[in-house]
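The structure appears below as structure tokens.
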Amino acid sequence: MAAAQVVVATALVHDGRVLAARRTRPPALAGLWELPGGRVEAGESEAEAVVRECREELGTAVVVGERIATDLRIDAGVLRVHTARLADGAPQPRALEHAGLRWVAAGEVAAVDWVGADRAVVADLVALLG
Ligand code: DCM
């Protein structure tokens, strides 16, 4: 049996806030907020996937940090969260995938309407933001 598909999510931190992106699809997830990311492609490391997804979806260059939280089972496979910081360029919602972006402070993380998997990471994000 093939290994589970890995999906990376990016906890992109800047000035003490983490970036949340509002999904436009699929209908079940539209309007909910996520940590930007996507599927790791063949031959790609998780860190490389984080860099590529941030470039494609946000138009920004990032430096990847450590992995946080535990692996989360999702329909698509397994979700792994990596921290990152901005290297260059302000994030913009470039892809059709995101309707908006917001920078979320520690005290606001729990109140965000996260997609289900990302909701499980709330405590880790609060700890990360200090
Ligand atoms: N996904 C998620 N949380 C994220 C990023 C992705 O639950 N932070 C899920 C949504 C999709 C799958 O992973 O089911 C693939 O993501 P995408 O549709 O963005 O490629």
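The values are calculated or read from the model by the stated rules, or taken from the named source; none is laboratory data. The model shown is predicted, which means the values in this text are computed figures rather than measured ones. Using ideal geometry, Cβ is built from the backbone for each residue, glycine included, and neighbour counts are taken over all protein chains shown. Side chains included, ligands, DNA and RNA excluded: accessible areas come from the protein's heavy atoms. Shrake-Rupley method; radii C 1.70, N 1.55, O 1.52, S 1.80 Å.
What's the carbon and sulfur percent of segment 6-129's accessible surface, probe 1.4 angstrom, rounded to a whole number?
50
Taking a quarter of the surface of the Cα convex hull of the chain, what do you get in nm²? Please list the in-between numbers first.
On the way: hull surface 30.2 nm².
Reported value for the Cα convex hull: 7.5 nm².
Output ³J(HN,Hα) for segment 117-122: one whole-Hz value per residue in order, computed from phi by the Karplus curve 6.51 cos²θ - 1.76 cosθ + 1.60 with θ = phi - 60°, and x for Gly and Pro.
Running phi through 6.51 cos²θ - 1.76 cosθ + 1.60 with θ = phi - 60° gives 4, 5, 4, 5, 9, 3 Hz.
Which one of L96, L12, L79 has the biggest mean-square fluctuation once the chain is modelled by GNM with Cα springs under 10 Å?
Judging by the Gaussian network model, the answer is L96.
Please compute the per residue accessible area over the chain with all protein chains in place, 1.4 Å probe, rounded to a whole number of Å².
51
Residues with amide H under 5 Å of Q5's amide H, sequence separation 5 or more or different chain, H placed in the peptide plane at 1.01 Å from N; which?
Residues meeting the criterion, in which the H sits 1.01 Å from N, are V78.
Kindly report, to the nearest 10 Å², the accessible surface of V126 as traced by a 1.4 Å probe over protein heavy atoms only.
Approximately 60 Å² for this residue.
Nearest 500 deg cm²/dmol is fine: what mean residue ellipticity at 222 nm does the chain get from its DSSP H runs of n ≥ 4 alone, each adding -39,500 (n - 2.57), divided by its residue count?
Dividing the helical sum by the residues of the chain leaves -5500 deg cm²/dmol.
Assign unit charges at the C-beta atoms only (+1 for Lys and Arg, -1 for Asp and Glu), then state the dipole size of the chain relative to its Cα centre in Debye, rounded to the nearest 20.
The calculated dipole for the chain is roughly 220 debye.
Whole-Hz Karplus ³J(HN,Hα) for segment 31-39, in order, using 6.51 cos²θ - 1.76 cosθ + 1.60 and θ = phi - 60°, x for Gly and Pro?
Along segment 31-39, the couplings run x, 8, 9, 9, 7, x, x, x, 6 Hz.
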